[in-house]
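The values are calculated or read from the model by the stated rules, or taken from the named source; none is laboratory data. Since the model is a prediction, treat every value here as computed from it, not as a measurement. FYI the Cβ positions are ideal-geometry reconstructions off the backbone, even for glycines, and counts take in every protein chain you see. Note: accessible area is taken over every heavy atom of the protein model, side chains too, but ligands, DNA and RNA are not part of it. Shrake-Rupley method; radii C 1.70, N 1.55, O 1.52, S 1.80 Å.
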Amino acid sequence: MKCGFFHTPYILPKRTPKQVFDWSLDLAQVCDQAGFADFMIGEHYTLAWENIPAPELIIAAAANLTKTIRFAPMAHLLPYHHPTRLANQVGWLSQVLEGRYFAGFAPGGHQTDAIAHGYDSVQDLFGPFSEALELMQKVWERKPFKYRGEYFNAGYPGVDDYPGYAIEYADNSPWQGKDNLEVAVTGISAPSPTLKWAGSRNYSPISFFGGFAQMKSHWETWADAMTEAGFTPERSRFRTCRDIFIADSDAEARRRALASGLADTWREYLIPIYKKFNLLQGIIDDSGTDIHPNDVDENFLVEHVWVCGSPETAIAKLDRMAEQVGPWGMIVVNSHDNIDNPEPYFESLRRLAAEVAPKVNMGAALVA
């Protein structure tokens, strides 16, 4: 099982952009040194708790500070970008990183971001998202075309479009070709329409955890769509995101977690969102309790939502998840703000990679 990092980022609203930028680079270096495989960075425009509007800048800055870890925007929100510009940016950056890059694309899920970009609702985003993605693919083909669409105008120049003299046109297609570019897509609801769409296009799935039944549904939705489209679903491509805090003992991990940005984020930001959109019920069902979502507190989170404890406890919790939903290829740690006291968090990341991930019992081989 590989380890990955999802830098949403969950960040205290009081942080300055400089603080977030520097923290991002610190995290990337720690994850790289610990042997993490992937580092994914969210793109948001109006959310103080998730404020990185330009993940590509962090990727570019982190590239020469790290050695092996791969980076991805997770995800570029296509309705908010011109497809030709973004196609060149993605392709160029993938070449800069020489393969240490993959892509995430999404329509966008936050109402305030949509309004800031001139849309009335997130319900209006799938049309421009689909059109932008198709145009990006055409730009990467590097064949002449001109397109006037419902949402975007774009093209690729041919010989007849040159300015009266021969030019050598830049190749900003993805590293080793567009078919070599991995694209990953996140899913949270069950069943997940985005993961069904991802499977139909041979894109990789990332499951935001909301209970065993939801995670199993994510795999089945993606795998069925892959099979129907003529592709082979492989469990090694299946990533799942969890909140994780590891220390010497369960008591110490609990103490550290409750004093960390992980607790701040859930207490002040995520619990109200999860309650509003009924995202806690799947985890409550797993817990075997009859607690009402409105009564979820930090004690419940430590026991049933977070992978919190000693390395042995973390292994046991992940073993149980594997027994319930089947194997997966990468455990992805959700990012939280620990700028004021980073070392316990960094220790947790290192111990996940060194002491936990190699010992989780996946049972069956990582294939469908």
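Taking the stretch 186-288, which chymotrypsin sites (Phe, Trp or Tyr not before Pro) meet the DSSP loop condition and have no more than 16 other C-beta atoms within 10 Å?
Those that pass, being in a loop and sparsely packed, are 231, 277.
Express the carbon and sulfur contribution to the solvent-accessible surface of the stretch 289-339 as a percent, rounded to the nearest whole number, probe 1.4 angstrom.
Here it works out to 42 percent.
Which of 334, 222, 269 sits farthest toward the positive end of the charge dipole of the chain, with +1 on the Cβ of Lys and Arg and -1 on the Cβ of Asp and Glu?
About the Cα centre, the residue reaching furthest to the positive side is 222.
Roll a 1.4 angstrom probe over the protein heavy atoms and tell me the percent of accessible area of the stretch 213-288 that is carbon or sulfur.
Here carbon and sulfur together make up 47 percent of the probe-accessible area.
Shape of the stretch 119-186 from its Cα gyration tensor (a ≥ b ≥ c, root eigenvalues): rounded if a/c is under 1.5, otherwise prolate when a/b > b/c, or oblate?
oblate
Using the Cα centre as the reference, give the magnitude of the dipole from point charges on the C-beta atoms of the chain (Lys, Arg: +1; Asp, Glu: -1; all else neutral), rounded to the nearest 20 debye.
520
In the chain, with Lys and Arg counted as +1 and Asp and Glu as -1 at Cβ, which of these residues, 251, 53, 159, has the Cα nearest the positive end of the dipole, that is, farthest along it?
Projecting each Cα onto the dipole axis, the largest value belongs to 159.
Could you tell me how many cubic angstrom of Cα convex hull volume the stretch 287-368 has per residue?
Output value, Cα hull per residue: 126 Å³.
Find how much the distance from residue 268 to residue 60 grows on full extension, using 0.36 nm per residue of separation minus their present alpha carbon separation; answer in nm with one decimal.
71.7 nm
Could you tell me which GluC sites (Glu not before Pro) in the stretch 1-102 are loop residues by DSSP with no more than 13 other beta carbons within 10 angstrom of their beta carbon?
98
Between the stretch 1-16 and the stretch 224-292, how far is it from one alpha carbon centroid to the other, in angstrom?
14
Could you please state how large a percent of the accessible area of the stretch 8-53 is carbon and sulfur, counting protein chains only and using a 1.4 Å probe?
Accessible surface attributable to carbon and sulfur in the stretch 8-53 totals 55 percent.
Can you list the GluC sites (Glu not before Pro) in the stretch 189-289 that are in a DSSP coil and have 15 or fewer other beta carbons within 10 angstrom?
234
Any idea what the relative contact order of the chain is, in percent, if you count C-alpha pairs under 8 Å spaced at least 6 apart?
Over the chain, the number comes to 19 percent.
Here are some values of Rg/Rh (Cα atoms, Kirkwood Rh): (1) 0.98; (2) 1.02; (3) 0.95. Which one was computed from this structure?
Read-out taken from this structure: (1).
For the chain, what does the accessible surface come to per residue with a 1.4 Å probe? Please give it in Å².
Computed with neighbouring chains in place, this is 44 Å² per residue.
How many nm separate the modelled label positions at residue 319 and residue 285, each set 7 Å beyond the Cα in the direction of the Cβ?
2.6
What number comes out for the charge environment of residue 149, summing +1 per Lys or Arg and -1 per Asp or Glu over other residues with Cβ under 10 Å away?
-2
Sum up the charges of everything whose Cβ sits under 13 Å from the Cβ of residue 72, counting Lys and Arg as +1 and Asp and Glu as -1, but leave residue 72 out.
-1
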